[in-house]
Structures are given as C-alpha cells and as structure tokens.
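Every number here is computed from the coordinates shown, using simple stated rules; none is lab data. The structure displayed is predicted, hence computed values, not measured ones. For neighbour counting, all protein chains shown are included, and Cβ atoms are generated from backbone atoms with ideal geometry for every residue, glycine included.
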Amino acid sequence: MKNFPKAGLLIVTLVIPALIFVLLRLFATNHYDLPYFNPEISNDGKVVIANRDTVFRKQSKVQLSSGSFDIANQITVISFLPKNCADSCQLVLSNLKRIFDMRSETNNLTIKTLTEDSLATSSTYPIELGKEGWETWKASIMDAERLLALPSSQDTSELYPIESRLMLIDSRGYTRGYYNGMDPEEIDRLMAEIKILNYENKASADK
C-alpha cells in the first residue's frame, strides 16, 4: 500500500506536466506567429481555400517594368524612394539604416528600395544605400503602388503613405507585414518581426 502514494506523486510530477505541454502545443495560440497577407484569388474573385486553410500568394521574384528581380531565400524589406527626398523621406532612410544594421545577426536580410530614377549619390543618403544588402531597383510610381499595395484589411493609406510604406517578405516569398517607415514604434515592430523570422529559419534548418 505504501507504493500508491509514491505512484501518485510520480504521476503528478511527470505525467500531468507532460499533458499540459501537449495541450498547449495543440490548442494554445503562439502570439509570436506573424500574420500572412495577400491571399490567392481565384478567377471568380474568391479567396482560394485548400484543406480549410487560406492559400496565400508567394513570390520568388519581383516583376517590375525595369525587369525581374530575385528575392528567393531572403528576408526582404521593400521600400520606395521618391525623386524629392524631403525630411520625411530622410527619416525613412535613417530608420532603414537601423534595419540594415541587423544584417550582422541576420545574414539573409536584404533591403530593396524602389527608385524612379537611377540612384544619384547624395551626402544625405546612408552610404550603405545601393551597396550589397541594400539594393536599389529602378521602378515607376505605378510599380511601387502595385507592389506595395495595402491589403483591404489594412487599407489605411493615411497611416502608410507610399513614400514611407515598408513591406516585409519572408524567405519563402510570403508577405508578412506592412509598416510606416516614419514611425519609431512601427520600426521597432518590424525589427522584432525580422528577428522572429530569422529564429524560425534557424529552427527549420536545425530540424
């Protein structure tokens, strides 16, 4: 009879925590999961569903009027640089420099900046702009508006004007977020979400 209390204690200390862990894995929500944007749309205008899940559009290349550009296997931040880079534009570039500095810990992080003209050197631009890891792509304003178009669920153009709008694409080609490049809190959120994607990539590689 003395063995029963010991067995009960063993169940409490080993089995119950294991059950709690399994339940959390199955039913709890991971608050660090990033959302997906831009679902696939069928010919009849409906969102494509497969196995009861929404199918989201992914891309390994970006098609612009100036050509096709590869983004495969990269965590990509896309921005737009207008012809007249005023104070708000300079603030976006300064914040993008913060993002660029994360490359020391996120090797596959790249910034792609759309420009209406071939980029001219300027002492007001970060020296990294146009260099490895921070490429510039020649694009029309129509290219920029099409590529950086906000989804209907986040259609707040006054909060995300095209000249300050940033878009995050993961290494599989899925769009994972939109941000206001002038807002420090939005930049902090973007940096945190880049770290999450980088962690997910490392975890997948270790499996």
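Using the Cα centre of the stretch 88-148 as the reference point, and only Cβ charges (+1 on K/R, -1 on D/E), how large is the resulting charge dipole? Debye, rounded to the nearest 20.
Details: 7 positive and 9 negative charges, 19 e Å.
The calculated dipole for the stretch 88-148 is roughly 100 debye.
Over the stretch 46-191, what is the mean sequence separation of C-alpha contacts under 8 Å (at least six apart), divided by residue count, expressed as relative contact order in percent?
It rounds to 30 percent for the stretch 46-191.
Expressed as a whole number of Å, what is the distance separating the alpha-carbon centroids of the stretch 128-150 and the stretch 64-111?
After rounding, the separation between the Cα centres reads 8 Å.
Mean projection of the alpha-carbon convex hull of the stretch 60-207 over all orientations, in nm²?
Numbers: hull surface 34.7 nm².
Result: a mean projected hull area of 8.7 nm².
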